[in-house]
Structure formats: structure tokens, C-alpha cells
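Reading through the C-alpha cells given below for one structure.
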Amino acid sequence: MGQSLVKNYVHIVFSTKYRQPLIHPPVEAELHSYLGGICNKLDCQVIKVGGYTDHIHILCMLSKKIALMKLMEELKSHSSKWMKTKDESLKNFYWQDGYGAFSVNPSQVDIVIAYIANQHQHHSKKTFQDEYRAFLKKYNVEYDEKYVWD
């Protein structure tokens, strides 16, 4: 086979350090656009970015040219530096050390888009930690609770 054909949808989730509620309306939409721009620049076509005050969800197509770890490094380092420039109250903005990344079946992409779009409504009933635990359970990810949160 002479051609490499790849179509990997990935749902990425990560939170602010200690889940601090620092992502508010004045900067929220701009942050989502900024993160989407990083994905697109790295040839990881962004499909949807959303989240809540303490975390981010990104649905994108992982490029065959970049490792997931490198995408995460670029997303978190550049956006953290950018956030610090947006307001004096964000000078100590940091992302958590880890992240979750889950493959998405192409037939489920619309469901994930709707899920990300409804984060504010969703989190009126459920914390980020409960949401994240549910993802880990859904995808059968083994984890030790003491190493998940920072």
C-alpha cells in the first residue's frame, strides 16, 4: 500500500490546576478559539472545543504527523502562557499535569459535538471529577485515584 490513510477522532479532556474555576466568559470563547487554532496549526483538524470554568474538551482529528503527547504539550504550554497575558487575575494560571484522550467512533462524532456544546448545562448537575470518572469507566481505563488529580 503506497498511501497512508488515517482518520483518528480524539476527544481530549484536561482541567485547570487543582480544578480552579478560572475560565470565565470574558476569556472563554477566545480560549476555545485559541486552542482550536493550535490544533489546526498542527494539522489536527479541530471539530469542537468547549468546556466549563475548570476544564476543556477538544474534539479533533489527530494528524498522522504528530504524536498525541506532542499535541498536548503544544496545547497546554502555549495556551497557559496566553491565558496569563489576558488578565492580572490569571497570572498564576496553569493546567493540570495530566489529561484524558479517548478515541471516538466516527458514528459517534455528532454525539460528542453535542456533549461538548452543552458543557455549561451539563455541569449544573455534575462536577468535572464525576464527569472524568465516568469517561474512565466508559473507556475501561484502569487508574489510581490518588494519581488522577492535581
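The values are calculated or read from the model by the stated rules, or taken from the named source; none is laboratory data. These numbers come from a predicted model, not from an experiment. Reconstructed Cβ throughout: ideal geometry from the backbone, glycine too, with neighbour counts over all protein chains shown.
Here the range 3-15 is the region considered, the condition is being touching a residue at least 24 places away in the same chain (Cβ under 8 Å) and more than 17 Å from Phe135 (Cβ to Cβ), and the residue that is farthest from the chain's Cα centre (by Cα) is Ser4.
For Pro25, the stated conditions hold: it is of a type outside the set (A, V, I, L, M, F, W, C) and modelled with pLDDT under 95. State yes or no: is Ile23 among the aliphatic types (A, V, I, L, M), in contact with a strand residue (DSSP E or B) (Cβ under 8 Å, 6 or more places away or on another chain), closer than 20 Å to Glu131 by Cα and surrounded by 16 or more Cβ atoms within 10 Å (Cβ to Cβ)? Considered against the rule, which asks whether it is among the aliphatic types (A, V, I, L, M), in contact with a strand residue (DSSP E or B) (Cβ under 8 Å, 6 or more places away or on another chain), closer than 20 Å to Glu131 by Cα and surrounded by 16 or more Cβ atoms within 10 Å (Cβ to Cβ), Ile23 comes out as yes. Take the conditions (1) of a type outside the set (Val, Ile, Thr); (2) farther than 25 Å from Lys7 by Cα; (3) touching a helix residue (DSSP H, G or I) at 6+ places or on another chain (Cβ under 9 Å); Asp130 misses just one of them, which is (3).
Out of all the residues in the range 54-61, is one or more closer than 20 Å to Leu22 by Cα, touching a Phe, Trp or Tyr at 6+ places or on another chain (Cβ under 8 Å), of a type in the set (Val, Ile, Thr) and touching a residue at least 40 places away in the same chain (Cβ under 8 Å)? Break it down into steps so the answer makes sense when it comes.
First, the residues of the range 54-61 that are closer than 20 Å to Leu22 by Cα: 54-58.
Of the ones still in play, those that are also touching a Phe, Trp or Tyr at 6+ places or on another chain (Cβ under 8 Å) are 54-57.
Those left that are additionally of a type in the set (Val, Ile, Thr): 56.
Still in the running and touching a residue at least 40 places away in the same chain (Cβ under 8 Å): 56.
Yes, because at least one residue in the range 54-61 is closer than 20 Å to Leu22 by Cα, touching a Phe, Trp or Tyr at 6+ places or on another chain (Cβ under 8 Å), of a type in the set (Val, Ile, Thr) and touching a residue at least 40 places away in the same chain (Cβ under 8 Å).
The combined condition, being modelled with pLDDT of 95 or more, over 24 Å from Lys126 (Cβ atoms) and loosely packed, with under 13 Cβ neighbours inside 10 Å, is not fulfilled by Lys84.
Take Ile111 and tell me if it is of a type in the set (A, V, I, L, M, F, W, C), in a helix (DSSP H, G or I) and in contact (Cβ under 8 Å) with a residue 40 or more places away in the chain.
Criteria not met by Ile111.
Can you report the number of residues in the range 64-96 which are assigned to a loop (DSSP other than H, G, I, E, B) and in contact (Cβ under 8 Å) with a residue 60 or more places away in the chain? Lay out the reasoning, then the answer.
Let us first name the residues in the range 64-96 that are assigned to a loop (DSSP other than H, G, I, E, B), namely 64-67, 87, 91-94, 96.
Then drop every residue that is not in contact (Cβ under 8 Å) with a residue 60 or more places away in the chain, which leaves 64, 87, 93-94, 96.
Counting residues in the range 64-96 that are assigned to a loop (DSSP other than H, G, I, E, B) and in contact (Cβ under 8 Å) with a residue 60 or more places away in the chain gives 5.
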